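In what follows, a single structure is set out as structure tokens and then discussed.
Any read-out appearing in this document is the output of simple, stated calculations on the displayed coordinates, not a laboratory observation. Worth saying up front: this structure is predicted, and the values here are computed from it rather than measured. Quick reminder, even Gly has a Cβ in these numbers, built from the backbone with ideal geometry, and neighbours come from all protein chains shown.
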Amino acid sequence: MHCRYIVIAAYLLLVTTAAAAFKTYENGRFGYVIDIPSDFKTVADPANGDGIGLETADGSAKLSVWGNYVTGGSFRQESDQRRKFASDDGLRFTYEKRGTSWASLSGTKGGRIIYMRQIALCDDAMGNFTLEYPASQQKRFGPLIDQMVKTMKAPRHCD
């Protein structure tokens, strides 16, 4: 009987993981890579090549992936400035974790969760992604965020 529960749990984990398919997005301008959900559709592809905008088929979740040059001193100062802009815009932060070359921030605004990830890149640049989705769908989007965080990488020559 106990073994049956283990098999069922393993099956459910496999089905959940398999349902979330990803494709690799590589940014030619800034050189970062990230796995993005393959079922998100592209809604913006800026001519300057800094990133891509995507959303779910029903439009309930929006994903922005982009690079930018650090304009305010250090990576940390730029990250702090972006946090301030989001806070001034009404985002109430509930999670924040940082390293010397990365930051993960999350909060809520109007029944939605906004997750922000930033990594340092070469040549005083940074890579970013923001996923905004209904708070009621956290279980659906949490694993997607985990995968994107794990796979967002700076070019090897930046190491």
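Relative contact order, percent, of the chain when contacts are C-alpha pairs under 8 Å separated by at least 6 residues? Working shown, then result.
Details: 266 pairs, mean separation 33.1, N = 159.
With pairs under 8 Å counted, the relative contact order is 21 percent.
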Checklist outcome for this item: Given Cβ charges of +1 for Lys and Arg and -1 for Asp and Glu, the option among Thr108, Gly49, Gln81 whose Cα lies farthest towards the positive end of the dipole of the chain is Thr108
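The chain: percent of C-alpha pairs farther apart than 29 Å?
Values: 2689 of 12561 pairs.
Result for the distance tail: 21 percent.
Would you calculate a helix-derived [θ] at 222 nm for the chain, using -39,500 (n - 2.57) for each DSSP H run of n ≥ 4 and dividing by the full residue count, to the nearest 500? All intermediate terms of the calculation are to be shown ahead of the outcome.
On the way: 3 runs with 46 residues, N = 159.
Value at 222 nm, helices only: -9500 deg cm²/dmol.
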Checklist outcome for this item: Put in order of increasing Cβ neighbours within 10 Å, starting from the fewest, Arg112, Arg98 give Arg98, Arg112
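So what's the range 32-94 giving for Cα Rg divided by 2.2 N^0.38 Å, two decimals?
Its radius of gyration relative to the 2.2 N^0.38 Å reference: 1.32.
Could you tell me which of the pairs Lys23/Lys62; Lys23/Lys153; Lys62/Lys139; Lys84/Lys109; Lys97/Lys150; Lys41/Lys84 are separated by over 19 angstrom between their Cα atoms in the structure shown?
Beyond 19 Å: Lys41/Lys84.
Which value, in debye to the nearest 20, gives the size of the charge dipole of the chain about its Cα centre, when Lys and Arg are +1 and Asp and Glu are -1 at the Cβ?
Taking the Cα centre of the chain as origin, the dipole is about 540 debye.
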